[in-house]
Amino acid sequence: MIGVPLLAALLPGAFIILLTWWFRKNETTLLLQVIPATLTIIAGLIYLYIGFVHIGGFAGAAYGYLAFFLILFAIIALSLALRKVPTSSGNATPSK
């Protein structure tokens, strides 16, 4: 029962994480790095609402699991986007 929503969320979740990583690698603005995770959280909340209010039953529970996994991937992408970039300290010895 949990396997199918997990597999359905795996492809977009991996895409969101890779897109966030690519934005971070290219040193884009923080706003652009956070947008994929934010949109995924919104989509997960919409799936959660549709699953429990409009569908209900076992099919609604499957939507709930899908929403949970999407939000989980979005939290991972958001933490990746908000992680501080380590800066080099001035303690390094200069090369000659």
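What follows is calculated from the coordinates using simple rules that are stated; it is not laboratory data. What you are looking at is a predicted structure, and each value in this text was computed from that prediction instead of being measured. Heads up, the Cβs are rebuilt from the backbone with ideal geometry, glycines too, and the neighbour counts pull from every protein chain shown.
Can you give the FRET efficiency to the nearest 0.05 for ILE55 and ALA14, using r as the Cβ-Cβ distance and R₀ = 35 Å?
Numbers: r = 26 Å, r/R0 = 0.74.
That pair, ILE55 with ALA14, gives E of 0.85.
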For TRP21 and VAL85 in the same chain, what is the full-extension length gain: residue separation times 0.36 nm, less their Cα-Cα distance, in nm? 21.8 nm
Which value at 222 nm does the chain reach when only helices count, each DSSP H run of 4 or more adding -39,500 (n - 2.57), with the total divided by all residues and rounded to the nearest 500 deg cm²/dmol? -25000 deg cm²/dmol
Taking the chain on its own, what percent of its Cα-Cα pair distances exceed 20 Å? 46
Suppose the chain between ILE75 and LEU6 were pulled fully straight at 0.36 nm per residue; how much longer would it get relative to their current alpha carbon spacing? 23.3 nm
